[in-house]
Structure formats: C-alpha cells, structure tokens
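To start, the structure itself, in structure tokens.
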Amino acid sequence: MPQSVIILGGGIIGLSCAFEAARRGMLVTLIEPHGLGGQASGAAAGMLAPYSENTEQPDDFFHLCLSSLQSYPEWIKAVEDGSGMTAEWVQSGSVNVFMHEADVLPIQSRLDWQNRWGAEAQLIDAAQLRKLEPMIAPSAVAGVFTPKESHVYAPKLVTSLEAACRKLGVRILEHAGQIEDVLVHQSGGVSVRAQALKSLVHSDRLVVCAGAWSGAYEKWFGLSIPVHPIRGQICSFGHDAAEVRHMVFSSQAYWVGKNNGRLVCGASEDVSGFETSVTERGIGRLIRSSSRLFPFLEGRQTAHRWAGLRPATKDGQPLLGQIAGMPSVIMASGHYRNGILLSPITALLTADILEGKEVKPSISRFAPDRFTAAAHRGMARALR
C-alpha cells in the first residue's frame, strides 16, 4: 500500500510538496483553510535571484537557494508537462543598480565569491548599464549584471501546480476552514480536523506548509514556532517589454516585467498582523522609487495594487525537516521572501524525507526545533 501524506497548506510550498510526493507514488491529500495560493504565493513577483538577494556570504541558506535555482529547469518542465500549462519562466538575467560611487566599492568581494558559485556576474559602468537598460535614470553610476537569474509568473505557477496535482490524483480540500486539531498517534499516523470538513482526515505522514499561520501549530507539536506575517505590498504599471528588459534591483525596490504587459514593483514591507489591505504610504514609496530610477514612469498610474503575507522566522530562514521525536511530522514553513525560489528544493527534500532517503544538501541548519532549543537554553540561564 502506498504511503499516505497530508499536506497542510495550499500555497506554493504546499502545492510543490504535494506534486513531488504524488510524482513518487504517494497518496496525497492537500488541506487548505482558504483558497489556493492566496497569500505569499499570490503576492510574489516570482524572482529566482539567489545572488541578488544573498550578498553577504555563501552560507547554508545561500546554498539552499542556489540548489533550488539549479533544480528549476527540470522542475518547471515537470510541472508544465504534468499540467499542460505554462508557468512563464523567463530567463531574463538581473541588474543591480547603484546610484553612488561609494556603493560600488564593496562589490568586488561579493562578485569574487558569487562567481565561484556560478553567478557569472560582472560589474558594469554607467555606459554598459544603459546598453542593458536604456530607460534607467542618468544618475545611476554602475550596476551588476547577473545573467543566471530569472523569474516566473507566480499566479501561473500556482495554477500549473494545482492542475498537475489534480492529474496525479492529489485530493485537494480547499476552503476547509480553520485547522481545529492535529492528532499525532503514538502507534503511528496523523489525523487532522478542520472546521469545514465533516470528518477527520487520516494519513501516515503530515507535512506542515502553513506559511504565516505556522505558529498555530506550537500547541500540537510542543515546539517554539516563531513565524509571523510580514505584509508585502506590491504594485504594477502597464509597460512595453522594451522599457525594462531585465529584473532590476535597487536599494529601495525591485522591478520585474511580465508577459502580460505589466511591470511589477515591490515590495514595501511592514508588520500589520494578518492585515492584507494596501496603504497609500506603502504603495507611495514604491511609486516614488519607480519614478526616481525610471523617469518614464513619472506620472504613470498604477495598474494594480495588492498585498500578501510573507511568513518570516526570527532568523529569516525556513523551518525545514522532520520534527524531533515525531517521525510522522515534517515542517516546510517560514520561507519569507523566498517561497517561489525555494519551492523545488523544498519539495524534493521533503519527498526524500518521506521516502527515508539521505537528504542532500544538509538541512540541519533549518531544523524546526532550533528556536525551541534556544528558548530552553535561555530559560535555563534565567533559573541559575
């Protein structure tokens, strides 16, 4: 009898884990309290940019991101073949723009280590920058061009994954309501009760992909799960593909042109609980940054404004792996800004754990109980 698995959460991580587990012959049930891809996934710009977003050192998190980027060609092909749809993977490359000479000084050391790990990045002067991005502001003095970075259209990736999951026989329980109970049985197996479901759902294993809501599972697993929502506000402008040709990053924002004639600009971040409305302050900052870097956007109205909740941990890195003492429960949560990028590697590693395989690269740095251990150490020091 194939192993049965419940995936809790229908964002990009949950759908990816469900797809990979089903591809390997497991019986998968996905439970989503609301709608599929409705929060961090729906708000994402879909950037696959581990070099631009990891600029300090080649630590374990960078290597996790890089492994995921390297998995994308085969991953995207499998999803698109499985769904018969496109996820609009665009191998655009990226440009990091610098407005001051002082910002350029520390760049060479970054390029040295990133190029050892395949970035093929190069420092470009103002003239070279304008050959790549002719519409950029004259005040930009230099940039870094990284040809290996790319992007996908997140809504289409979500839709493609859903279709691929359904074709593989994944049972999707959408709009299931609040998760009311998770029972981890000593004899093996897991049961989940959700508000809108008529009965318990049972399986051999459980994968928690609950995003910004992961903290609610502390009471069932006895862990400290300090995941909290960060509201990411994004806007888009109508644009022609020739106006912005690459993913563009500055110290203030990023810009990504999509095939639907939209230039996505993000992301203004703030802590606002589970509030997903947009604010004039948050969007206004993006509009001002856009007109400063791209003068042609001055006065152009936004075509769309939206927000989503990004699941952030204390250290900004995911909770990934089997829960100690609970072999039937795996966590794959807290991906913060990197859910789209990390979806392939998270799914592949999670499926390896489910199959009892050796996990490579090592994910011990992302252990789900790492904050629990720290809390216990702090309590012990306080009692001395």
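Structural remarks
- Considering the stretch 291-351, the qualifying strands (runs of 3 or more DSSP E), each wholly inside and each with 3 or more residues that are farther than 15 Å from Phe366 by Cβ and open to solvent by 30 Å² or more (accessible area, probe 1.4 Å), run over 302-312.
- Among (1) at pLDDT 95 or above; (2) buried (at least 20 other Cβ atoms within 10 Å of the Cβ) - the single one Ala43 does not satisfy: (1)
- When the stretch 19-38 is filtered for residues that are crowded, with 23+ Cβ neighbours inside 10 Å and either within 14 Å of Leu157 (Cα to Cα) or of a type in the set (Asp, Glu) (or both), the ones remaining, listed by number, are Phe19, Glu20, Glu32, Gly37.
- Scope the stretch 90-124; condition touching a helix residue (DSSP H, G or I) at 6+ places or on another chain (Cβ under 7 Å), open to solvent by 30 Å² or more (accessible area, probe 1.4 Å) and either of a type in the set (S, T, N, Q) or under 26 Å from Phe296 (Cβ atoms) (or both); matching residues: Leu123
- Filter result for the condition that a residue is hydrophobic (A, V, I, L, M, F, W, C), open to solvent by less than 20 Å² (accessible area, probe 1.4 Å), touching an Asp or Glu at 6+ places or on another chain (Cβ under 7 Å) and more than 24 Å from Ser343 (Cα to Cα), over Ala137, Ala142, Ala87: Ala142
- Only residues that are modelled with pLDDT of 95 or more and over 17 Å from Ile287 (Cβ atoms) were counted across the stretch 223-246, and they come to 2.
- Among the residues making up the stretch 158-168, those that are crowded, with 22+ Cβ neighbours inside 10 Å and either of a type outside the set (A, V, I, L, M) or more than 13 Å from the chain's Cα centre (by Cα) (or both) are Ser160, Leu161, Glu162, Ala164, Cys165.
- Val264 vs. criteria among the β-branched types (Val, Ile, Thr) and part of a strand (DSSP E or B): yes
- Of everything listed in (1) polar (S, T, N, Q); (2) open to solvent by less than 30 Å² (accessible area, probe 1.4 Å); (3) in contact with a helix residue (DSSP H, G or I) (Cβ under 6 Å, 6 or more places away or on another chain), the single unmet condition for Thr55 is (2).
- Against the numbered list (1) surrounded by 17 or more Cβ atoms within 10 Å (Cβ to Cβ); (2) over 21 Å from the mean Cα position of the chain (by Cα); (3) modelled with pLDDT under 95, Pro155 comes up short only at (2).
- Filtering the stretch 214-273 to residues that are closer than 16 Å to Ser150 by Cα and more than 21 Å from the chain's Cα centre (by Cα) leaves Ala241, Val244, Arg245.
- Filtering the stretch 125-134 to residues that are in contact with a strand residue (DSSP E or B) (Cβ under 7 Å, 6 or more places away or on another chain) and either open to solvent by less than 10 Å² (accessible area, probe 1.4 Å) or assigned to a helix (DSSP H, G or I) (or both) leaves Ala126, Leu129, Leu132, Glu133.
- Scanning the stretch 350-370 for residues that are aliphatic (A, V, I, L, M) and touching a helix residue (DSSP H, G or I) at 6+ places or on another chain (Cβ under 9 Å) yields Ala351, Leu354, Val359, Ile363, Ala367.
- Listed by first and then second residue, the pairs linking a residue in the stretch 195-207 that is in a loop (DSSP other than H, G, I, E, B) to a residue that is modelled with pLDDT of 95 or more and acidic (Asp, Glu), with Cβ atoms under 9 Å apart and 6 or more places separating them unless they lie on different chains, are Gln195/Glu180; Leu200/Asp181.
The values are calculated or read from the model by the stated rules, or taken from the named source; none is laboratory data. On a predicted model such as this, the values are computed, not experimentally measured, just so you know. For neighbour counting, all protein chains shown are included, and Cβ atoms are generated from backbone atoms with ideal geometry for every residue, glycine included. Calculation scope for accessible area: heavy atoms of the full protein, side chains included, ligands and nucleic acids excluded. Shrake-Rupley method; radii C 1.70, N 1.55, O 1.52, S 1.80 Å.
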